[in-house]
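Undergrad: Okay, handing you the structure first.
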């Protein structure tokens, strides 16, 4: 029972971590990044690649965030900036990009799946329960990153400036804020979060070129269920989608769970298009 | 109003396609039968997305639904009395249209889900449908339904020409019907639905009814294409219903030209046969190149690559 609950918390934190980058980009820039799943995948493959060079795992994790963040900066510069007033074309462009990234990984690493060894192979005793230490570490990092993102946007001057640019771009520009730079920094940060998430989950899952879609759809549903725009919405939506997936997984087969959870999420989005957290 | 490819050009395209079996041999005839049906799927997406402005990321679900209904009926799984192929074609298209209407009512009713939300929701529904089929052993699971009987054309099953001509006639009929309908007032309403829905509602049109009807019509076309595809191919697989085919259809339509029907149709043919020709030469780089071109088109040439040449040619012919 306690293990099931802990698994659910872990699923929620990982999903929120994956969805966080997407939520920052979608909520603040109104940009739908269909390549987000492939950015997560790129983070995981950065770890696979660097481990081939015997780089220590935690070095790989940091490198993954930096590399994928740089990807994001380039993507904003080449694609997103030019389709800002055509949101549906942004969807197409980033979707095309997801195909390109997927195929690039197939060409570089082959179509098969890779595994990353657990950096911490210990179990931690929690009362009567033994739980894998690495999962606890991932949960802690995810919680810290989520809280950090929230505090950055709410409690720092730069976070305030970012929110101002997103809410009233024209006014912010008149007041002397560089909107273009804010947009590219935001997109790069969203991508870096995806890369970080991918690197952290890499030892827990099978890393293959097709893994992106499995993250994209639940992450989007979490954002839409919670309510786009507010970071609190990501937490709520991520908890709803992640926890129900994990808890129902104890009862039913993964496929049934996915069908039920996606179906429920679609119904919630339909009944509350503004999301659970919005008035 | 969107410029139309003149009748002379579309007729020329279909006449050239009709000559194909006598020029290209059985192998290519069989390949073109399939790609024409993909072209019909592209037409349905051009109607729903290009003209109606509803970016459906799961158009494959209607193609797949048509295919599975066709397979179930003609294989006699729902009773031997219902195994008539022609009846099955109609039922398959109607089922896909019904699914589209249900999804449409669900999505567009009341405070309509639109734009990006609509795209994500259709993607999620397609993923759910693909998963359900893959895990349903009554429908063959991952393997799909094998052994769908070919269309009863009274000819040898190894002769690729009769099914090709039948498919060509169906696609041509669908194309000319759509083209004629969209060049009338209905086309104007759809353009308004895409460009300025608020003003259309202000003029007294029901956005809900028009969206659902357009979506259902697109579903019917895609379902018909899927049903014929399954009969030609001999089996229905879960890949027909989900994410992969939906994404491909989007690429054909975007590369060809989303608002011009003929451009979308030719986009499907060009990409499918470009793949067959170039994949041998480019290998795995083909998908990378296709994805890159798709990205470039989405960013720099949202009207597509074939629309402008077709319309330019059309203007020359008309003069």
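Undergrad: Within 10 Å of each residue's Cβ, count the other Cβ atoms and sort A:114, A:36, B:273 from fewest upward.
TA: Placing the least packed residue first, the sequence is B:273, A:114, A:36.
Undergrad: To continue, here is another question. By the gyration tensor of its Cα atoms, with a ≥ b ≥ c the square roots of the eigenvalues, what is the shape of segment B:7-318: rounded for a/c under 1.5, prolate for a/b over b/c, or oblate?
TA: Because its axes are fairly even, with a/c under 1.5, segment B:7-318 counts as rounded.
Undergrad: Between residue B:11 and residue B:275, what FRET efficiency follows from the Cβ-Cβ distance if R0 is 35 Å, with the result rounded to 0.05?
TA: 0.80
Undergrad: Based solely on its DSSP helices, what 222 nm [θ] is calculated for the protein assembly as shown when runs of n ≥ 4 H residues each add -39,500 (n - 2.57) and the sum is averaged over all residues, nearest 500 deg cm²/dmol?
TA: Rounded to the nearest 500, it is -24500 deg cm²/dmol.
Undergrad: Something else about it: Quick check on the exposure proxy: order A:105, A:141 from fewest to most C-beta atoms within 10 angstrom.
TA: Exposure proxy ranking, most exposed first: A:141, A:105.
Undergrad: Multiplying the sequence separation of residue B:78 and residue B:90 by 0.36 nm and subtracting their Cα-Cα distance, what value in nm do you get?
TA: Gain in length upon complete extension: 2.8 nm.
Undergrad: Next question. Quick check on the exposure proxy: order B:130, A:173 from fewest to most C-beta atoms within 10 angstrom.
TA: A:173, B:130
Undergrad: Using only atoms on other chains, find how many Cβ atoms lie within 10 Å of each Cβ of peptide B:123-136 and report the average.
TA: Other-chain Cβ atoms within 10 Å of each residue's Cβ, averaged: 4.
Undergrad: Moving to a separate point now. By its C-alpha gyration tensor, with a ≥ b ≥ c as the square roots of the eigenvalues, how is segment A:169-279 shaped: rounded for a/c under 1.5, else prolate for a/b larger than b/c, else oblate?
TA: oblate
Undergrad: Tell me, how many Å apart are the Cα centres for segment A:251-265 and for segment B:261-319?
TA: 38
Undergrad: Ranking request for peptides A:153-163, B:212-222: highest mean number of other beta-carbon atoms within 10 Å first, then the rest in descending order.
TA: Descending mean neighbour count gives B:212-222, A:153-163.
Undergrad: Then there's this: Running a GNM on chain B with Cα contacts under 10 Å, which residue among B:123, B:287, B:72 ends up with the highest mean-square fluctuation?
TA: Of the options given, B:287 has the highest mean-square fluctuation.
Undergrad: Suppose a student asked you for the relative contact order of segment B:7-318, using Cα pairs under 8 Å spaced at least 6 residues apart; what percent would you report?
TA: 34
Undergrad: Here is a follow-up. Within segment A:232-267, name every residue whose backbone N is under 19 Å away from a label modeled 7 Å from Cα of residue A:113 along the Cβ vector.
TA: So the set is A:246, A:249-250, A:253-259.
Undergrad: Okay, moving on. Compute the angle between helix A:2-23 and the longest alpha-carbon principal axis of chain A, please, reported from 0 to 90 degrees and rounded to the nearest 10.
TA: That works out to roughly 20 degrees.
Undergrad: Can you give me the angle between helix A:231-249 and the longest principal axis of chain A, using Cα atoms only, in degrees from 0 to 90, rounded to the nearest 10?
TA: Roughly 30 degrees, rounded to the nearest 10.
Undergrad: Would you mind checking the tilt of helix A:157-167 against the longest principal axis of the Cα atoms of chain A, expressed as 0 to 90 degrees and rounded to 10?
TA: So the inclination is approximately 70 degrees.
Undergrad: Going by a ≥ b ≥ c, the root eigenvalues of the Cα gyration tensor, does segment B:44-83 fall in the rounded group (a/c under 1.5), the prolate group (a/b larger than b/c) or the oblate group?
TA: Prolate shape, in that a/c is at least 1.5 and a/b is the bigger ratio.
Every read-out reported here was derived from the displayed coordinates using simple, explicitly stated rules and does not represent laboratory data. Everything numeric here is computed off the predicted structure, so don't read it as measured data. Quick reminder, even Gly has a Cβ in these numbers, built from the backbone with ideal geometry, and neighbours come from all protein chains shown.
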